[in-house]
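The structure under discussion appears below in the form of structure tokens.
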Amino acid sequence: MARHFHALRVAGTPPITDAPLVVYLNHPGWWDPLICLLLARHFFPDRRHYAPIEAAQLERYRVFRKLGFFPVEKHSRRGAAQFLRGAETALAQPRAVLWVTAQGRFADVRERPVGLEPGVAHLARRVPGAMFVPLALEYPFWSERCPEALARWGESIAGDALVGRASPRGEGLTPARGDARTTIEDAEQLLETRLGETQDALAASAVRRDPGDFEMLLRGNAGVGGFYDAWRRWRARWRGEKFEKEHEA
């Protein structure tokens with residue numbers, strides 16, 4: 001990460017709770033799982049972490065099995081059952097965190113509506129005690145040769161508040177309080193809205209390019225490299241100045 005990015009910067013904080021967590025995020029690129037591993041180490045060092053991954057990809061990257069990933073077939077009823085079964089088993093573990101790229105595919109950060117797979121909303125009905133936490137990721141270029149890795153935590157919502165308990169006829173879901181019905185589609189829409197709002201807030205910070213909007217978790221690569229940086233280093237030494245690799249130092 002430090003070799004390929006200028007910095008990993010994070011805005012906001014996840015909820016402080018002992019409840020199981022479902023972190024659902026957008027899926028802008030290949031780096032997302034590694035970003036999540038670093039966030040997990042920083043924010044949840046004493047928790048157990050799990051994540052679904054496409055079965056074919058897990059065969060290609062088998063090391064992920066040792067990191068808490070479990071296989072799910074894409075675009076099939078069997079895959080949906082695998083996800084719910086695996087996620088429910090994972091969240092039953094003490095102090096568990098489930099990380100889900102809820103769009104189910106790579107998607108541009110500007111795409112609206114966000115569009116989520118329905119499995120996360122169904123999971124709220126199965127694990128009503130879990131907290132559902134939106135996480136937005138983005139990898140913009142600012143002033144360095146390497147991009148920034150930006151993350152932002154959004155407003156969380158409890159599973160029982162999201163869908164509540166199943167209605168007697170199974171037609172929809174009745175919230176824990178009140179008589180209004182909440183369907184899976186309603187819950188999915190709320191999750192999608194929260195994630196979209198979190199992405200919009202992150203995009204606004206990315207446009208401002210103000211490091212003060214974030215906490216830096218990792219300082220990575222800076223400068224242009226090669227002959228240009230060698231010349232800048234020599235010039236700073238000749239002038240008796242401190243060499244700063246950052247382009248805008």
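Number of residues in the range 1-24 that are in a loop (DSSP other than H, G, I, E, B) and either more than 24 Å from PRO118 (Cβ to Cβ) or free of Cβ contacts under 8 Å to residues at least 60 places away in the same chain (or both): the value is 11. Flag: PHE43 matches the condition of being without any contact (Cβ under 8 Å) to a residue 40 or more places away in the chain and buried (at least 16 other Cβ atoms within 10 Å of the Cβ). Quick check on VAL114: is it part of a loop (DSSP other than H, G, I, E, B), touching a residue at least 24 places away in the same chain (Cβ under 8 Å), surrounded by 12 or more Cβ atoms within 10 Å (Cβ to Cβ) and under 17 Å from the mean Cα position of the chain (by Cα)? Yes: the conditions hold for VAL114.
Check ALA102, ALA90, ALA80, ALA124 and return the single one that is of a type in the set (A, V, I, L, M, F, W, C), out of contact with any helix residue (DSSP H, G or I) (no Cβ under 7 Å at 6 or more places or on another chain) and at pLDDT below 95. Criteria check complete, one pass: ALA90. Please verify whether the range 53-62 includes one or more residues that are hydroxyl-bearing (Ser, Thr, Tyr) and modelled with pLDDT under 90. Checking the range 53-62: at least one residue is hydroxyl-bearing (Ser, Thr, Tyr) and modelled with pLDDT under 90.
Being modelled with pLDDT of 95 or more and not aliphatic (A, V, I, L, M) is the filter; apply it to the range 127-140 and report the residue that is nearest to the chain's Cα centre (by Cα). Out of the qualifying residues, it is PRO134. The set of residues from the range 21-66 being under 14 Å from GLY86 (Cβ atoms) and of a type outside the set (Asp, Glu) comprises VAL22, ARG48, HIS49, TYR50, ALA51, PRO52, ILE53, ALA55, LEU58, PHE64, ARG65. Selection within the range 122-136: residues that are touching a Leu at 6+ places or on another chain (Cβ under 7 Å) and part of a loop (DSSP other than H, G, I, E, B). The member of this set that is nearest to VAL23 (Cα to Cα) is ALA130.
The C-beta contact set for the range 193-217 (first residue of a type in the set (Gly, Ala, Ser), second residue part of a loop (DSSP other than H, G, I, E, B) and crowded, with 20+ Cβ neighbours inside 10 Å, distance under 6 angstrom, 6+ apart or interchain) comprises GLY196/VAL114. Taking the range 12-69 on its own, how many of its residues are closer than 27 Å to ASP108 by Cβ, of a type in the set (Gly, Ala, Ser) and out of contact with any Pro (no Cβ under 8 Å at 6 or more places or on another chain)? So the count comes out to 4. Of all the residues in the range 213-232, those that are out of contact with any Gly (no Cβ under 9 Å at 6 or more places or on another chain), assigned to a helix (DSSP H, G or I) and modelled with pLDDT under 95 number 5. Quick check, is HIS27 more than 18 Å from SER156 (Cα to Cα), part of a loop (DSSP other than H, G, I, E, B) and without any contact (Cβ under 8 Å) to a residue 40 or more places away in the chain? Criteria not met by HIS27.
Within the range 58-76, the set of residues being touching a Phe, Trp or Tyr at 6+ places or on another chain (Cβ under 8 Å) and either over 12 Å from VAL97 (Cα atoms) or of a type in the set (A, V, I, L, M, F, W, C) (or both) comprises LEU58, PHE69, PHE70, VAL72.
The values are calculated or read from the model by the stated rules, or taken from the named source; none is laboratory data. The structure displayed is predicted, hence computed values, not measured ones. Ideal geometry is used to build each Cβ from the backbone, glycine not excepted, and the neighbour counts take in all protein chains shown.
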